[in-house]
1. Express in nm, to one decimal, how much length is gained between SER29 and GLN103 on full extension, taking 0.36 nm for each residue of separation and deducting their alpha carbon distance.
2. For an R0 of 22 angstrom, estimate the FRET efficiency from the Cβ-Cβ distance between SER74 and GLU133 and round to the nearest 0.05.
3. Which of the aspartates and glutamates could be linked to LYS114 by a straight reach, that is with a Cα gap under 14 Å, when you skip same-chain ones fewer than 8 residues away?
4. What are the residues whose amide H is under 5 Å from the amide H of ARG179, where those residues sit 5 or more places off or on another chain and H is modelled from the backbone?
5. Using the Kyte-Doolittle scale, which helices in the chain average at least -0.5 and also have C-alpha atoms spread 24 Å or more along the helix axis, with helices defined as whole DSSP H runs?
6. Could you compute the net charge surrounding LEU84? Neighbours are other residues with a C-beta less than 14 Å from the C-beta of LEU84; K and R count +1, D and E count -1.
7. Can you give me the C-alpha center-to-center distance between region 150-172 and region 63-78, rounded to a whole angstrom?
8. Taking θ as phi - 60°, what are the ³J(HN,Hα) couplings along region 135-144 by the Karplus curve (6.51, -1.76, 1.60), each to the nearest whole Hz, with x for Gly and Pro?
Amino acid sequence: RRGTHDVAELEQSLEQLEEMPSATTEEDSVSREHQLQAQLERVQAEADTNRDKWLRAMAELDNFRKRSRQHLESSLNLARADVLRQLLAVLDNFERALEAWEQAEQPPDETFVKGVHLIQDQLMRVLRENRVEKIESIGTAFDPNLHEAVSQIETDEVESQHVAKVIKEGYRFHETVLRPAMVVVAR
């Protein structure tokens, strides 16, 4: 409102200047010109201040949008990670069933086993499409962020403090470890 008032005041002053008789003294004219110049500078300064405020507000809005987008993406990834963890339990059950059938005295129907393999493969494909990756462990240095050591063994096959055997596969989603790999570490 202040800026609108100053602009109106400036316009009124200009109108008054135009209406003044031409017989005014040069001194009055110079004085009036200084007043108008001062008003113009004041209005310009206020316009500059308002423009700066507007630019800052736009930058804050842009930053808020970016933070909101990141927060939403983070929340979605957390929710997706929970579902993916549950799917890993299903995958484990498929692996146990297949291992049990391999060790059974009387093998199950071959068609049935093929069907279970197909379902397991489909589940693995869904996990890959959702960017779930197996944590590569054999021969890598033990990392407590990626591995859960269940025991240690003496071996010459891998270096000391490196993973010698994987008991249960570990998986990650983006940078989030869904489940650490259960491993045996070399001494």
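1. My answer for the length gained is 15.7 nm.
2. Rounded to the nearest 0.05, the efficiency is 0.70.
3. Partners found: GLU95, GLU99, GLU102.
4. Those qualifying (amide H under 5 Å, at least 5 residues apart or on another chain) are TYR171.
5. Working: long enough: 2-19 (25 Å, -1.12); 26-103 (114 Å, -0.93); 110-129 (28 Å, -0.08).
Helices meeting the criterion: 110-129.
6. Result for the neighbourhood of LEU84: +2.
7. Computed from Cα coordinates, the inter-centre distance equals 37 Å.
8. 3J(HN,Hα) across region 135-144, in whole Hz: 7, 6, 10, 3, x, 8, 5, 4, 10, x.
The values are calculated or read from the model by the stated rules, or taken from the named source; none is laboratory data. This one's a predicted model, so the numbers in the text were calculated from it and none came from an experiment. Cβ coordinates were reconstructed from backbone atoms using ideal geometry, including for glycine residues, and neighbour counts include every protein chain displayed. The protein model used for the area step is the full one, side chains on, heavy atoms only, and it has no ligands, DNA or RNA in it. Shrake-Rupley method; radii C 1.70, N 1.55, O 1.52, S 1.80 Å.
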